[in-house]
Amino acid sequence: KRYSVGVVGAMGAVGTEMLKILEQRDFPVGNIKPLDVKENEGKKVYFNGREVEVQVAQEGAFGDLDIALFSAGEAASCDLAPAAVSEGCIVIDNSNAFRMDSKVPLVIPEVNPEDVMWHEGIIANPNCSTIQMLVALKPLHDRYTIKRIVVSTYQAVSGSGLPGILELEEQVRAYIENRELKVKVYPHQIAFNAIPHIDTFTDNAYTKEEMKMVHETHKIFHDEKIRVSPTAVRIPVIRCHSEAINIETEKPIEAQEAKEVLSKAPSIKVIDDISANVYPLAAELKGTDEVYVGRIRQDFSVKNGLNMWVVADNLRKGAALNAVQIAETLIKYKKV
Ligand code: 2RA
């Protein structure tokens, strides 16, 4: 069977990757429908070597689709995802609009694929920083029962889409040319800086980005007991998020054995040889699909603790690839 697939936000950073990944993974597409805002109507995108015209993402555009991958921001998802479902289309949404909705499964195919079984038309893609963290922690949670996670993220500007990329590039250019740096996308200059503030602050002094990692971990692991304490930081890297993760486990955990558990787990590549200065590096992992783990070491400050460094391409496994893998999971579980 071949499927009629729409991509909402087809001209954006994630939407562009979605089209690329559908093609690279030879997803059984019968018809592809790039959808975006009115300003982009008529522009061309390429799919399977063919030029395809962008159409307007609006009510009535989903009746001929089996699946629509959304990555056009929360407002567009709130407006159009229910309409798409009512037109008979299944929505895989990369925005934050439905992630905590009790009727919407929040899925990482390597972690909780079976949750697609209870979808009612919408499946939510987790936040990029959550996806890479939980792909890495799932095998350790299964083996050692994680009770607490402390994580600091080092997030690329492409997490803010094309505007974030352009802001960093422009500020670096201005710095080199001794011009005034303009600040629009972020609360402060991002070039040569580290901003501990992603999304908005909530009333507990954590940011929404940090609280997403807490709530999404509980929903995806189906475990409200795990304590999660994140700090989300924006750094001047174009692509690939990095995370310093510390876990405490119920059961005794030993670094070498944990390294073996990780190296056998799906979608994980262990890159860890400090004798040769080898560990995952954001600048080397653009365009890859796995979650890369290194600096695996005992946390000697607690009874059962482990530290690790986790890197993944935030536009691929952190967004577009995970969404396409959810579509593949729907087919596998016969839920489309
Ligand atoms: C960011 N995780 O990095 C958020 C949304 N992609 O900006």
Dividing the helical contributions, -39500 (n - 2.57) per DSSP H run of n ≥ 4, by the residues of the chain yields a 222 nm value, nearest 500 deg cm²/dmol, of -8500 deg cm²/dmol
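Counting only protein heavy atoms, what percent of the accessible surface of segment 34-106 is carbon or sulfur at a 1.4 Å probe?
47 percent
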Residue by residue through segment 21-32, which ³J(HN,Hα) values in whole Hz follow from phi under the Karplus form 6.51 cos²θ - 1.76 cosθ + 1.60 (θ = phi - 60°), with glycine and proline marked x?
-> 6, 4, 6, 4, 8, 6, 4, x, 8, x, 9, 10
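Using only the Cα atoms, work out Rg/Rh for segment 64-155, with Rh taken as the Kirkwood radius, to two decimals.
1.03
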Sequence-distant or interchain residues sharing an amide H contact under 5 Å with residue 291, placed H: which?
-> 268, 269
Solvent-accessible heavy-atom area per residue, rounded to whole Å², over segment 80-199 at 1.4 Å | 40 Å²
In a Gaussian network model of the chain with springs linking alpha carbons closer than 10 Å, the residue among 112, 127, 277 that fluctuates most is 277
Who wins for biggest fluctuation among 325, 189, 24 in a Gaussian network model of the chain, springs between alpha carbons below 10 Å?
-> 24
Hz values of 3J(HN,Hα) by residue in segment 141-149 - Karplus curve (6.51, -1.76, 1.60), Gly and Pro given as x | 5, 4, 8, 10, 6, 6, 10, 8, 10
Would you mind telling me which residue in 98, 300, 27 has the biggest mean-square fluctuation in a Gaussian network model of the chain, where springs connect alpha carbons within a distance under 10 angstrom?
-> 300
Expressed as a whole-number percentage, the relative contact order of the chain with C-alpha contacts under 8 angstrom and at least six residues apart is 18 percent
Which percent of the accessible area of segment 194-336 is formed by carbon and sulfur heavy atoms (probe 1.4 angstrom)?
-> 55 percent
So what's the net charge close to residue 54: Lys and Arg +1, Asp and Glu -1, counting the other residues with Cβ under 13 Å from its Cβ?
-> -1
With every protein chain left in place, what is the accessible area per residue of segment 204-265 in square angstrom, probe 1.4 Å?
-> 43 Å²
Are any of the pairs 251/332; 184/219; 103/251; 43/335; 1/335; 38/208 more than 23 Å apart by Cα-Cα distance, and if so, which?
-> 251/332; 184/219; 103/251; 43/335; 38/208
Using the Karplus curve 6.51 cos²θ - 1.76 cosθ + 1.60 with θ = phi - 60°, work out ³J(HN,Hα) for each residue of segment 114-127 in order, rounded to whole Hz, and write x for Gly and Pro.
-> 5, 5, 5, 4, 10, 5, 10, x, 10, 10, 9, 8, x, 5
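The values are calculated or read from the model by the stated rules, or taken from the named source; none is laboratory data. Small disclaimer: the values here were computed from a predicted structure and weren't measured. Every residue, glycine among them, receives a Cβ derived from its backbone with ideal geometry; neighbour counts consider all protein chains shown. Side chains included, ligands, DNA and RNA excluded: accessible areas come from the protein's heavy atoms. Shrake-Rupley method; radii C 1.70, N 1.55, O 1.52, S 1.80 Å.
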